[in-house]
There are 2 protein chains.
Amino acid sequence: MALSHAILAALLGAPCSGYDLQKRFEGSVGFFWQASFQQIYRELNKLEELGWLTSSTVRQQNRPEKKIYQITEMGQESLKAWIAEPCDMAPIRDDLLVKVFAGSLVPTQAFLAELEHHQAQHRQRLAIYQQIEQQFFPTPESLSIADKFRYLALQNGIHYETAWLAWCEEAMGAIVSS
Amino acid sequence: MALSHAILAALLGAPCSGYDLQKRFEGSVGFFWQASFQQIYRELNKLEELGWLTSSTVRQQNRPEKKIYQITEMGQESLKAWIAEPCDMAPIRDDLLVKVFAGSLVPTQAFLAELEHHQAQHRQRLAIYQQIEQQFFPTPESLSIADKFRYLALQNGIHYETAWLAWCEEAMGAIVSS
DNA sequence: TAAACATATTCAATTAATTGAATATTAGCT
DNA sequence: AGCTAATATTCAATTAATTGAATATGTTTA
């Protein structure tokens, strides 16, 4: 199961609280494995029970106290083992594509609006990726090994969104001309 | 929830049994919303209770009897309503990408092997899509409206796999040169 | 001063998905 | 006669994910 390992991966950088993790998820690993905050908190408890994380409660002034989680040696080993074991390509589960499949049932205009909506979302996501690219990876030739991998993950996102946008254009063209 | 609607969409073409549906899923809607046969049977029962499907038991010679499911008027309406209501872009949940994210933890060779494995899988999937394209959509200009939408779904798959393969090349190049 | 926002976490209910097994019929192979 | 494979369906256990609510503290804003 990947959520636990996504959390471990996110904690590699620096120890943090569930709340921070949730925030960190948006804008990094969360692009590739999203999870709700309830899921994250539940998983953190489970991982601590397993001994893959340790926590320490920190009292703050002006704020509720928080629990800082840190990855353990065991956690790192488990993460490594999981990365090393082969996996299959992720199955697709995309509402829009099953809608497209039966799209002839609804009026063309309605469908076009939906495609525009998705186009906008994919454009926005691509813009986010490109902003991260410029901000964090201005010189991709000279990256640490860890950053090189993060850069590759980002590039995957960019390829993905670019392909979606190309398809949106194509699909909208095909639909209006019918 | 999309599984029910994916099943309805698959039944639009022709009524069939759970077993046939399962087979039909591989090679059409199933590319965009995969489901196990247990899921499909459970869902068929649920959809029949809702009145979106009707079934009739067919005794066959030389084979166990089967239940043929057919979409009802209500089922079609529900499918239309679902297609018409807007949805967000599908979240990504991809093991490999969270592995890439923390890929620096494992030896380069191991990671390269995993990438080759995925490259092979995506190549294979692309080949399947292209075979479907040649077999069922040789002249995309002259398609019925229903087929035009199915063709667009297929094109999405082709874009998706092509993007993955481009990324695989890039990633493998970046990893060997480090 | 009340409302809204940000921090920080937990609990419970439900739905969906995965995994493994069981059952029944017939065909074809060794 | 026994084995495998294909057809055809069901049940049960578990894990994962979604949804909605509740609680607590402090800051900013209207």
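What follows is calculated from the coordinates using simple rules that are stated; it is not laboratory data. Everything numeric here is computed off the predicted structure, so don't read it as measured data. Neighbour counts run over all protein chains shown; Cβ positions are idealised from the backbone, glycine included.
A:F137 to B:Y19: FRET efficiency via 1/(1 + (r/R0)^6), r the Cβ-Cβ distance, R0 56 Å, to the nearest 0.05?
Here the calculated transfer efficiency is 0.65.
Could you identify the residue of B sitting closest to the B-A rotation axis by Cβ and state that distance rounded to whole angstrom?
Per the B/A rotation axis, the closest residue of B reads B:A163, 2.
Give me a comma-separated list of calculated 3J(HN,Hα) values for region B:2-10, in order, Karplus coefficients 6.51, -1.76, 1.60 applied at θ = phi - 60°, integers in Hz, x for any Gly or Pro.
8, 4, 4, 6, 5, 5, 4, 4, 5
Under a Cβ-only charge scheme (Lys and Arg +1, Asp and Glu -1), can you give me the dipole magnitude of chain B about the Cα centre, in debye to the nearest 20?
600 debye
Run the label-point distances for B:M1 please: 7 Å along Cα to Cβ, every other copy, nanometres, shortest first.
Result for B:M1, in nm, nearest copy first: 1.9.
Give me a comma-separated list of calculated 3J(HN,Hα) values for region B:167-178, in order, Karplus coefficients 6.51, -1.76, 1.60 applied at θ = phi - 60°, integers in Hz, x for any Gly or Pro.
Going residue by residue, I get 5, 4, 4, 4, 5, 5, x, 5, 7, 5, 8, 9 Hz, with x marking Gly and Pro.
Expressed in nm to one decimal, what extension gain is obtained for the pair B:E65 and B:K80 from 0.36 nm per residue of sequence separation less their Cα-Cα distance?
Between B:E65 and B:K80, full extension yields an extra 2.2 nm.
Under 30 Å Cα-Cα from B:K23, which lysines qualify once same-chain neighbours fewer than 8 residues away are excluded?
A:K99, B:K46, B:K66, B:K67, B:K80, B:K148
How far apart are the B:K23 label points across copies, placing each 7 Å from Cα toward Cβ, in nm, shortest first?
Listed shortest first, these distances are 5.6 nm.
What are the label-to-label distances in nm, one decimal and shortest first, from B:E133 to the same spot in the other copies, with labels 7 Å along Cα to Cβ?
Distances between equivalent label points, in nm: 2.4.
Based on other C-beta atoms within 10 Å, arrange B:D95, A:D88 from fewest to most.
Taking fewest neighbouring Cβ atoms as first place, the list is A:D88, B:D95.
Taking amide hydrogens as modeled 1.01 Å from N in the peptide plane, which residues meet the under 5 Å criterion relative to B:C16, leaving out close sequence neighbours?
Those qualifying (amide H under 5 Å, at least 5 residues apart or on another chain) are B:Y69.
Output the direction-averaged projected area (hull surface divided by four) of the convex hull of the alpha-carbon atoms of region A:17-58, in nm². Could you put the intermediate results ahead of the total?
Working: hull surface 12.3 nm².
Averaging across all directions leaves 3.1 nm² for the Cα convex hull.
Which value, in debye to the nearest 20, gives the size of the charge dipole of the protein assembly as shown about its Cα centre, when Lys and Arg are +1 and Asp and Glu are -1 at the Cβ?
With only Lys, Arg, Asp and Glu charged at Cβ, the dipole is about 700 debye.
Tell me, Kirkwood radius of the protein assembly as shown from alpha-carbon pair distances, in Å?
Result for the protein assembly as shown, one decimal place: 22.6 Å.
Using the Karplus equation 6.51 cos²θ - 1.76 cosθ + 1.60 (θ = phi - 60°), what ³J(HN,Hα) coupling, rounded to whole Hz, does each residue of region B:94-111 give in order, writing x for Gly and Pro?
Using θ = phi - 60°, the values come out as 10, 3, 4, 5, 6, 5, 4, 3, 10, x, 5, 6, 10, x, 3, 4, 4, 5 Hz.
Report Rg/Rh for chain B, rounded to two decimals, where Rg is the Cα radius of gyration and Rh the Kirkwood radius. Write down the numbers at each step before the final one.
Values: Rg = 20.2 Å, Rh = 19.1 Å.
Rounded to two decimals, Rg/Rh equals 1.06.
Could you state, as a whole-number percent, how many of the C-alpha pairs of region A:95-176 are farther apart than 17 Å? If you can, show how the numbers build up before the last one.
Values: 1794 of 3321 pairs.
Cα-Cα pairs of region A:95-176 separated by over 17 Å account for 54 percent.
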